[in-house]
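Chemist: Before I ask anything, let me first share the structure, which is written out below as structure tokens.
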Amino acid sequence: MHISHSGEDSNLKQLLSYSISSIKGNCGEFNIAGESDIDVRARELVFERTRYAYNEALEYFENNFLSEINSLGIDIALLEEGEEDATF
């Protein structure tokens, strides 16, 4: 988005917050500051969704990133399932 001023910081923080919630709701839990493959992929989706929201084109995000959203959701579910199996 190449924003070089701080006038929109609060708006961007709000959009990022909404995007984190949306991606977590669609895909599952991740650590936005983490460095695992899942965390990095989720963070990229958060940034992309925020870019779409900032440019008032959010209605196109899910269709344009459907395969990435589905792939991340499956990988998170498999990881969570593996963690549950490890506790038994």
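Chemist: I'd like to verify a number: residues in region 26-35 that are of a type in the set (S, T, N, Q) and surrounded by 13 or more Cβ atoms within 10 Å (Cβ to Cβ), how many? Write out each step before concluding.
Modeler: The first filter runs over region 26-35 and keeps only residues of a type in the set (S, T, N, Q), leaving 26, 31.
The next check asks that each one be surrounded by 13 or more Cβ atoms within 10 Å (Cβ to Cβ); those that pass are 26.
The number of residues fulfilling the criteria is 1.
Chemist: Select from region 8-25 the residues that are surrounded by 15 or more Cβ atoms within 10 Å (Cβ to Cβ) and not hydrophobic (A, V, I, L, M, F, W, C) and list them in ascending order.
Modeler: Tyr18, Ser19, Ser22, Lys24
Chemist: Would a scan of region 60-77 turn up a residue that is at pLDDT below 95 and either open to solvent by 90 Å² or more (accessible area, probe 1.4 Å) or among the basic types (Lys, Arg) (or both)?
Modeler: Taking region 60-77 and keeping what is at pLDDT below 95, we get none.
No - not one qualifying residue is present in region 60-77.
Chemist: For the subset of region 18-66 comprising residues that are within 10 Å of the chain's Cα centre (by Cα) and small (Gly, Ala, Ser), which member is nearest to Leu78 (Cα to Cα)?
Modeler: Taking the candidates together, the pick is Gly28.
Chemist: Mind checking which residues of region 36-57 are hydrophobic (A, V, I, L, M, F, W, C), crowded, with 17+ Cβ neighbours inside 10 Å and closer than 19 Å to Asp9 by Cα? Working first, answer last.
Modeler: Going residue by residue through region 36-57, those that are hydrophobic (A, V, I, L, M, F, W, C) are 38, 40, 42, 45-47, 53, 57.
With crowded, with 17+ Cβ neighbours inside 10 Å added as a condition, the list becomes 38, 42, 45-46, 53.
The answer is Val46, Ala53.
The values are calculated or read from the model by the stated rules, or taken from the named source; none is laboratory data. This is a predicted model, so every value here is computed, not measured. Reconstructed Cβ throughout: ideal geometry from the backbone, glycine too, with neighbour counts over all protein chains shown. For the accessible areas, the whole protein counts, side chains as well, though only heavy atoms, and no ligand, DNA or RNA atoms are used. Shrake-Rupley method; radii C 1.70, N 1.55, O 1.52, S 1.80 Å.
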